[in-house]
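**Student:** Sending over a structure as structure tokens; questions will come in a sec.
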Amino acid sequence: MLPGATTDRVADWLASGVAFLTGRQAGPPLVPPGAAATLARELGEQLADVGVGIDGAALLAERAAFTGGRRQGSMSVGGSCRLLPTADGWAAVSCARPDDPLLLGALVGAELPADPWPAVADWLAVHSGADLAERASLLGVAAAPIPRLLPRAAPFEGGGRARPAGEVAGRLVVDFSALWAGPLCAHLLGLAGARVVKVETPTRPDGARRGNPDFYRLLHAGHRSVVADPHDRDGRRFLTALVEAADVVIEASRPRALASWGLTPESTDATWVSITAAGRASNRVGFGDDVAAGAGLVAGDAAGPVFVGDAIADPLAGLTAAVRAVTAAPGELVEVDMTAVVAATLTGGESAVVTEGAQPPRTRPIRGEAPDSGADTDAVRRELGC
């Protein structure tokens, strides 16, 4: 047993598939620090109260089961994030979006070649983690220093058990999110019987549509899809009507994005689920890998830190958001700070080599098809009288 660890903590990591994804490519799996897999398992158990039978811990590694991702040490399982040394420590830097090479060029003050990583590594080597955090926030770069000392956070004491605020079946969930955390929340609410409408704009479709099609189908099967242009008067009216009709609204971007369209928690009686990288007051952009590392969730050895699992902050935040959504009162603003969610699990238990028992990631059955982008726009407009 690890010092300060419990048998359940280690067993949950081994069973989740995350330990299998943690470590160096040519080395053994590692048991990560903290108790995130235990929290995920307990959150999944809470969803049984609304009729969802789910292995919450297994959700943490589920995407890699579809993509075939494997542990890659200081490169993320998905390949878009790196752990690199800074002048005073280590940092996680993501390059996942089409515009990220330009943003990274602005970060380092140079036009970058097709492979941006050598120039980024050279810049980080002579700049502190604080320098990186300040410039990344200004430029919208998804990057964060890894804390040397873990920040003080609310201690992890298990998921507890909150009672559902009411019947979930039949509720209208309007999902403005993309990628993994928000769509997972919407997916879980859909499994509980909610009616989910996914919203995209003409210029910003969900980037996950370019990813593994089966994983996308898993999270979006049975939902409806609408496309509306918030810069168009009719489009904005449509979005306003949709939010006014909603029981739950999910956003997973900086709050100013929807606020610029006139959509805020104060504009609706719906439960508003706001998933952010580091809180609604922060300007930080973050994805699952850099957020988890920035919260302090890394494993490693004498050679340096390695990633824990595959973008683990995303599914952990999605599970947290779903449980909080079903236990929230109408009109409540539910804030899910991904960094804080991860940090709260880092209470005891260091990373260690796995000698046996690390289970590979596993999939769930896909039930149905995911709609094409905008497939239900006209039908939903008619239903709302738009």
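**Student:** Being under 30 Å from residue 226 (Cβ atoms), of a type in the set (D, E, K, R) and surrounded by fewer than 16 Cβ atoms within 10 Å (Cβ to Cβ) is the filter here; which residues of segment 350-386 pass it?
**Tutor:** 364, 367, 369, 372, 378, 382, 383
**Student:** Right, here's the next one. Quickly run through segment 220-237 and pick out the residues that are in contact with a strand residue (DSSP E or B) (Cβ under 8 Å, 6 or more places away or on another chain) and on the phi < 0 side of the Ramachandran plot.
**Tutor:** Residues satisfying the conditions are 220, 223, 224, 225, 226, 227, 228.
**Student:** Quick test for you: out of 206, 301, pick the one residue that is farther than 30 Å from residue 23 by Cβ, out of contact with any Cys (no Cβ under 9 Å at 6 or more places or on another chain), among the acidic types (Asp, Glu) and surrounded by 14 or more Cβ atoms within 10 Å (Cβ to Cβ).
**Tutor:** Of the residues listed, the single one that is farther than 30 Å from residue 23 by Cβ, out of contact with any Cys (no Cβ under 9 Å at 6 or more places or on another chain), among the acidic types (Asp, Glu) and surrounded by 14 or more Cβ atoms within 10 Å (Cβ to Cβ) is 206.
**Student:** Here's something else I'd like to know. If a residue must be touching a helix residue (DSSP H, G or I) at 6+ places or on another chain (Cβ under 6 Å) and either among the aliphatic types (A, V, I, L, M) or within 17 Å of residue 190 (Cα to Cα) (or both), how many such residues does segment 224-242 contain?
**Tutor:** 4
**Student:** Within the set of pairs 6+ apart or on separate chains, which have a first residue in segment 172-197 that is on the phi > 0 side of the Ramachandran plot, a second that is crowded, with 24+ Cβ neighbours inside 10 Å and among the charged types (D, E, K, R), and C-beta atoms under 8 Å apart?
**Tutor:** Every condition considered, the pairs that remain are 179/314.
**Student:** Quick one: count up the residues across segment 312-343 that are at negative phi, surrounded by fewer than 24 Cβ atoms within 10 Å (Cβ to Cβ) and assigned to a loop (DSSP other than H, G, I, E, B).
**Tutor:** 4
**Student:** Here is a follow-up. Is it the case that residue 115 is among the charged types (D, E, K, R), surrounded by fewer than 18 Cβ atoms within 10 Å (Cβ to Cβ) and out of contact with any Gly (no Cβ under 9 Å at 6 or more places or on another chain)?
**Tutor:** yes
**Student:** So, one more: If you check 218, 191, which single one turns out to be closer than 24 Å to residue 327 by Cβ and crowded, with 17+ Cβ neighbours inside 10 Å?
**Tutor:** 191
**Student:** Having 3 or more residues that are not aliphatic (A, V, I, L, M) is the bar; report the helices (runs of 4 or more DSSP H) wholly within segment 178-262 that clear it.
**Tutor:** The helices (runs of 4 or more DSSP H) meeting that bar are 181-191, 213-220, 233-245.
**Student:** Is it true that residue 309 is within 30 Å of residue 92 (Cβ to Cβ) and surrounded by fewer than 24 Cβ atoms within 10 Å (Cβ to Cβ)?
**Tutor:** When the stated conditions are applied, residue 309 does not pass them.
**Student:** Further question: Test of understanding: among 63, 41, 24, 70, which residue is in the same structural domain as residue 356 (by TED's automatic domain parsing), surrounded by fewer than 16 Cβ atoms within 10 Å (Cβ to Cβ) and either of a type outside the set (Gly, Ala, Ser) or without any contact (Cβ under 8 Å) to a residue 12 or more places away in the chain (or both)?
**Tutor:** 70
**Student:** I need the full set of residues from segment 43-58 which are in contact with an Asp or Glu (Cβ under 9 Å, 6 or more places away or on another chain) and either closer than 14 Å to residue 327 by Cα or not aliphatic (A, V, I, L, M) (or both), in order please.
**Tutor:** Correct list: 44, 50, 56.
**Student:** Residue 248 passes all but one of (1) modelled with pLDDT under 95; (2) in contact with a strand residue (DSSP E or B) (Cβ under 8 Å, 6 or more places away or on another chain); (3) within 25 Å of residue 167 (Cβ to Cβ); which number fails?
**Tutor:** Every condition holds for residue 248 apart from (1).
**Student:** Turning to a different aspect of this structure: Between 93, 108, which is among the β-branched types (Val, Ile, Thr), more than 27 Å from residue 353 (Cα to Cα) and outside the structural domain of residue 360 (by TED's automatic domain parsing)?
**Tutor:** Matching residue, one of 93, 108: 108.
**Student:** Quick one: residue 281 ticks every box in (1) of a type in the set (Gly, Ala, Ser); (2) part of a loop (DSSP other than H, G, I, E, B); (3) surrounded by fewer than 24 Cβ atoms within 10 Å (Cβ to Cβ); (4) touching a residue at least 24 places away in the same chain (Cβ under 8 Å) bar one, so which box is it?
**Tutor:** Status for residue 281: all satisfied but (4).
The values are calculated or read from the model by the stated rules, or taken from the named source; none is laboratory data. Computed from a predicted structure; not experimentally measured. As a convention, Cβ positions derive from the backbone with ideal geometry for all residues, glycine included, and neighbour counts pool all protein chains shown.
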